[in-house]
1. The stretch 131-170: Rg/Rh from Cα coordinates, Kirkwood Rh?
2. Over the alpha-carbon set of the stretch 233-291, divide Rg by the Kirkwood Rh and report the Rg/Rh ratio to two decimals.
3. Taking N as the number of residues in the stretch 378-455, what is its Cα Rg relative to 2.2 N^0.38 Å?
4. Check the straight Cα-Cα distances from residue 452 and name the aspartates and glutamates below 18 Å, setting aside those fewer than 8 residues away within the same chain.
5. Which of rounded, prolate, oblate describes the stretch 408-495, given a ≥ b ≥ c as roots of the alpha-carbon gyration tensor eigenvalues and a/c under 1.5 marking rounded, otherwise prolate only if a/b is larger than b/c?
6. Report relative contact order for the stretch 1-148 in percent, whole number only (criteria: Cα-Cα under 8 Å, sequence separation at least 6).
7. Per-residue counts of other Cβ atoms within 10 Å, averaged by peptide: what ranking do you get for 201-208, 293-300, 381-388, 362-369, highest first?
8. So which of 402/494; 263/463; 156/489; 255/493; 419/481 end up more than 27 Å apart, counting from Cα to Cα?
Amino acid sequence: MNQLVSNAQRSLDRTAIISNGQDYSYQELLDASCQIASYLLDGRSDLQEERVAYMIQPGFDYVKVQWGIWRAGGIAVPICVSYPSASIEHVLDDAQCSTVVAQDEFLALLEPLVHQRGIRLLNTAQSAGNTGLLPQVAIERRAMILYTSGTTGKPKGVVTTHKNIEAQISTLVDAWAWSPDDHILNVLPLHHVHGIINVVSCALWSGACCQFVKKFSPETVMGNFLKGDINVFMAVPTIYHQLISHWEWLPEEQKTKISHCLKRFRLMISGSAALPVSVMNKWQEISGQTLLERYGMTEIGMAISNSYHDQRIPGHIGLPLPGVSIRLVDEENHSVQAGNSGEIQVKGNSVFKEYWNKPEVTTASFTEDGWFKTGDIAMLSDRGYRIVGRNSVDIIKSGGYKISALEIEEVLRTHTDIKDCAVVGIPDVEWEEVICAALILSGKTIDLESLKLWIRDHLPGYKVPRQYMILDDLPRNVMGKVTKNELKKLFVKKF
Ligand code: MCA
Ligand code: AMP
């Protein structure tokens, strides 16, 4: 049986989730997810790894559907709630989904898409009353597909099994000393590992309470902290940056109240992007909390973490988590000596099974002896691992999201006024990188305001370029390849 479900049976009366101002016990979560599972099965005995997509705001409904899919033997495919139609279509087609479960607010957007494809559309509100026998799902079976950007154009589906997910969760529960008395606030989107595994699943595995806000804002977060129940928080560096800016504008009395309340937290964690030392230090001043920085990736869950019990080193990501093997290698795949930089490669039960329907890409992402190649470059010293860069200039990190420059370029090139383009990320203290697009026009002019609206129909907001530059030609090397580092310099100079 799914370990999350069997753990929940030990905490039936405890509060599992708080969302929309309502408390839900573990018993209610088990009952509701059983009803969803039966509703999905509709008389069958097992979904046999059918892909079930779901578009649901963070909260109780999200978790009951995720657990319902797992309990029915399906593969859970979360869809980002801010995706435009084009991005949703990619997920539905690539994962070959048989069913979509959605809240009322998304039905109008989804109806034409599922209709064209003959996909079953279910409404979360209609599942009540169904219960039946649920299948035994072996832990080697596939459980989830998350879409992640890479160095190929469109996002790829990362498949994890129940066994991978259980390894990812249990390692963190031990390493970060989760307990049933914990109460965490989730502000993260639930189509990525950070929110799904580190926040929601670790809390529910531990019999703790997970509280949701629909969307992050510093005011909502601080307001919830001040109620005094929350004692664990996890976020990306951009969020800590925004919380700091908000705190700095508050009246002195309010600042003191918030700082006092933050000092009582058991644990605050930062990840998904490099935590600037200035943000770590400022947060320490405000909250008395030394942020625990850790490193992970959709394909591997969390791999490297600063210590819960010992010193946390600024600018460093720590040491491998228990059960995770790490090596740093040079371009010929030879291990590098301490003090030299190399690509991080990972092995362990938390490493994903495959990219959905992409056997060649899966094979190419592992070495012959089974190490997963992350594309991140790090260095090891007696202070732990430190990230020093990335293999590819085409991977951009902004707001904690991993974004493919190539995916944005492919979309821009379909615009009638654009002949060619190149997308880069330039450094920024709040967002880590800001997405910038250089355009070569097919005609004389382009209306940038209407381009910005047009692109929002094709990509979610977090993948939309923030700065544009019109050029006669892109900087290129003698081979004709665009020199993105030169382009970055042009943007840095201009903005
Ligand atoms: C939004 N804005 C931006 C960006 N996004 N500006 C520059 N770069 C961006 N990427 C601007 C908008 O233009 C707008 O400005 C203003 O910010 C607010 O926009 P909004 O869309 O409301 O932003 P937000 O919703 O407040 O988002 C900020 C956020 C969000 C909360 C930091 O990006 C977020 O939830 N990030 C977390 C992503 C995450 O969970 N990543 C984990 C994946 P204006 O008003 O002027 O238009 S990585 C992972 O899972 C691995 C395993 C790991 O290691 O964790
Ligand atoms: P994603 O594929 O969206 O899961 O993003 C994973 C990527 O985020 C990694 O490959 C790293 O490049 C980056 N990342 C995650 N945690 C950290 C961290 N603590 N410091 C620097 N980069 C990080």
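A short reminder: the numbers here are calculations on the coordinates, not readings from a lab. Note that the structure is a prediction, hence the values are computed from the model and not measured. As a convention, Cβ positions derive from the backbone with ideal geometry for all residues, glycine included, and neighbour counts pool all protein chains shown.
1. Details: Rg = 13.8 Å, Rh = 12.0 Å.
Result for the stretch 131-170 is an Rg/Rh of 1.15.
2. Taking Rg over the Kirkwood Rh, I get 0.94.
3. Its radius of gyration relative to the 2.2 N^0.38 Å reference: 1.41.
4. 407, 409, 410, 417, 420
5. oblate
6. On the way: 247 pairs, mean separation 42.4, N = 148.
Here the relative contact order equals 29 percent.
7. Listed from highest to lowest mean packing, they are 293-300, 201-208, 381-388, 362-369.
8. 263/463; 156/489; 255/493
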